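What follows is calculated from the coordinates using simple rules that are stated; it is not laboratory data. Not measured: the values here are computed from a predicted model. Here the Cβ positions follow ideal geometry from the backbone for every residue, glycine too, while neighbour counts run over all protein chains shown.
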Amino acid sequence: MSTLVYINSNDGLAKNALEAVTYGKKLGADVTVVTTGGADESTLASLGEYGASKVMVDRSVTTNDPGQIANVVKAAADATGASTIVFSHDFIAKAAAPRVSVKLKAGLVSGAIGVPEGNKVKVNVFSGKAFGFVEVNTATKIISLLPNSFQPEAGGSACGVEEFNGNAGEAAIKVIETKKPEGDIPLPEAELVVSAGRGLKGPENWGMIEELASELGAATACSRPVADIGWRPHHEHVGQTGVAIRPNLYIAAGISGAIQHLAGVNGSKVIVVVNTDAEAPFFKAADYGIVGDAFEVIPRLTEAVKKFKAAN
Amino acid sequence: MKILVCISKSPDTTSKIAFTDGDTKFDENGVQYIVNPYDEWYALVRALELKEAGGGSVSIITVGTAADDAVIRKALAIGADEAVRIDAAPTDAYYTAMQIAEYAKSNGFDLVMTGKETINYNGSQVGGMIAEGMDVPFVSLASRLEVNGSTATLDTEIVGGIQTVEVSLPAVVSCAKGMAEQRIPNMRGIMAARTKPLNVVAPADIDALTSFTSYALPPAKSECKMIDPENMDELVALLHNEAKVI
Ligand SMILES: Cc1cc2nc3c(=O)[nH]c(=O)nc-3n(C[C@H](O)[C@H](O)[C@H](O)COP(=O)(O)OP(=O)(O)OC[C@H]3O[C@@H](n4cnc5c(N)ncnc54)[C@H](O)[C@@H]3O)c2cc1C
């Protein structure tokens, strides 16, 4: 019995990578990490603190090519005889884990939010409106862990790092260009999110949302109509047909709280709603509610956060 | 160009989510099925745009029983040329994907398109599995797709940004927001859909790898605490001391 955790280390170690290793450790068996990417040896060795007993790195894979990553994971699974393979359910796992599942004929559970009980793994279904329990019928299981559902836990010590040739083969996907807006906090990983909807009346009014977000160190998000009319970029659209997020704090201003919007955000730990309409459905899903005009409340909240940060 | 678009049914987004038979089955009572929005708004509409611009054909495929024909007709009304239904209950993502891969391999498609996930199971599994089954490249979470001869150029979502990539066809692409604009079927489309070919194909012999054994609803939210709009210091204090999120 052993566990293999795939993480991507192209841009160093992201929080969701540490979550996946911590989760791997919780499964109880010996944990080997297999990674592709350019992180240096001491960075990779630090994964031992989260529970890895060994890291295997294939540096021949320099992009996120899911075909190459799947080959490397399969080779590592064959080499370690792993009975469970763990991914973090991010954009890389969404492309590579299904390929590994077919290669190994091993059942894939995606969006896991709990450790397996026997053969059953708890997952999010119906866009966060319910949980499901998935049974894997194969000897090897693949679990893709929903980001932000387990916190990384350090405690162990650094582990060994081995260079590994996973016979990745040629990349099928050629990268032409990568655009990452400077300074923005990626929404799917954000712990704090400030979001706004049609109640803000126009794109020119988003300054106060961005200010509050930057004061908190939060990412920004929006409702679907706001992205559809082009007030905000598509990648900020949260909900059933946008990004599903589960931050620690979700602040929603001028969003009515339609069922499709709630589906993407009801995994948030704490929800704050600002709405002029005391009857807005969002209040039913909120922890803290403010009946008021976002144009007054949001700047006031930003000031209060500033004051708090200065005092702490 | 021959395009195959994978269509799944999903409950209407306003459906009440409930379970029956000791929480082992989704309660379909009163539930309206729609075409999964990602499949319809993004994959199917972009496929139709590519056909309109460059010729070829658009087929839709679903793994399902005769009960799903109504949802297939809805997709045909948006504008595909023909539909294929693999006549079996889609027991898991692997089973579904392998059925589609078998069909796609023996019918020579240049491009297979899926939505990025279904809104009921949210697995994001089928597209990648089809690609592996066909042994072709898979580009996931694409928000733009252009085809030039046998090369496709795509924008894909990555953490904190967008990556532009190129891939040779045939390939499988999963489609996300930005790819196309939703189309509302018109009367002509709805009439035409009634007579478009819907080919029912016997399933291949494949075993599912996973199964859903039960479901649960999340615990109800506790009462919402109302805060004076004049007093944002109080909210910040609560977020810090009570909720412990800042
Ligand atoms: C199939 C389908 C899928 C969908 N998927 C999604 C999805 O993924 N995500 C999503 O968000 N929506 C989705 N929708 C749309 C959803 O049904 C709602 O229409 C949408 O969420 C409403 O957006 P909104 O709250 O910004 O706007 P509105 O519903 O117009 O609400 C605006 C709110 O702002 C309040 N307001 C106005 N002025 C102020 C002010 N000055 N200060 C404070 N509050 C103010 C109003 O009281 C109101 O509650 C989907 C719909 C369908 C049919």
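Tabulated data for the structure shown
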{"quantity": "C-alpha long axis of helix B:69-78 to longest principal axis of chain B, angle in °", "calculated": "80"}
{"quantity": "Base-10 log of normalised Debye intensity for chain A (one unit scatterer per alpha-carbon) at q = 0.07, 0.08, 0.13 Å⁻¹", "calculated": "-0.31, -0.41, -0.96"}
{"quantity": "Given A:105/B:196; A:74/A:174; A:201/A:269; A:284/A:306; A:129/A:284; A:120/B:177, the pairs whose alpha carbons are separated by over 25 Å", "calculated": "A:105/B:196; A:201/A:269; A:284/A:306; A:120/B:177"}
{"quantity": "Whole-angstrom gap from segment A:171-219 to segment A:258-277, using each part's C-alpha centre", "calculated": "17"}
{"quantity": "Whole-Hz couplings from phi, Karplus 6.51/-1.76/1.60, listed for segment B:93-104; x for Gly and Pro", "calculated": "4, 5, 4, 4, 5, 5, 4, 5, 4, 4, 5, 5"}
{"quantity": "Shielding by partners - mean other protein chain Cβ count within 10 Å, residues of A:135-143", "calculated": "3"}
{"quantity": "Candidates per trypsin sites (Lys or Arg not before Pro) in segment B:95-184, loop by DSSP, up to 14 other Cβ within 10 Å", "calculated": "none"}
{"quantity": "Cross-link reach list, aspartates and glutamates versus residue A:26, counting only Cα pairs under 16 Å and skipping chain neighbours closer than eight places", "calculated": "A:49, A:117, A:153"}
{"quantity": "Whole-Å semi-axes of the ellipsoid equivalent to the protein assembly as shown (Cα gyration tensor, √5λ, descending)", "calculated": "35, 31, 23"}
{"quantity": "Alpha carbon convex hull of segment B:2-215, projected area averaged over orientations, nm²", "calculated": "12.2"}
{"quantity": "Charge dipole (segment A:2-163, unit charges on Cβ, about Cα centre) - positive-most of A:56, A:151, A:114", "calculated": "A:114"}
{"quantity": "Computed P(r) (all Cα pairs; segment B:167-242; 10 Å bins; percent)", "calculated": "10, 13, 19, 24, 16, 15, 4"}
{"quantity": "Tilt relative to chain A, helix A:66-80 - C-alpha long axis, 0 to 90 degrees, to 10", "calculated": "50"}
{"quantity": "Cα-centre dipole for the protein assembly as shown with unit charges at Cβ (Lys and Arg positive, Asp and Glu negative), debye to 20", "calculated": "840"}
{"quantity": "Segment residue A:15-residue A:42, extension gain: residue separation times 0.36 nm, minus the distance between their alpha carbons", "calculated": "8.0 nm"}
{"quantity": "Helix axis angle, A:91-104 relative to chain A longest principal axis, alpha carbon, degrees", "calculated": "30"}
{"quantity": "Percentage relative contact order, chain B, counting C-alpha pairs under 8 Å, at least six apart", "calculated": "24"}
{"quantity": "Packing-based order for A:26-33, A:40-47, using average beta carbon neighbours within 10 Å, highest first", "calculated": "A:26-33, A:40-47"}
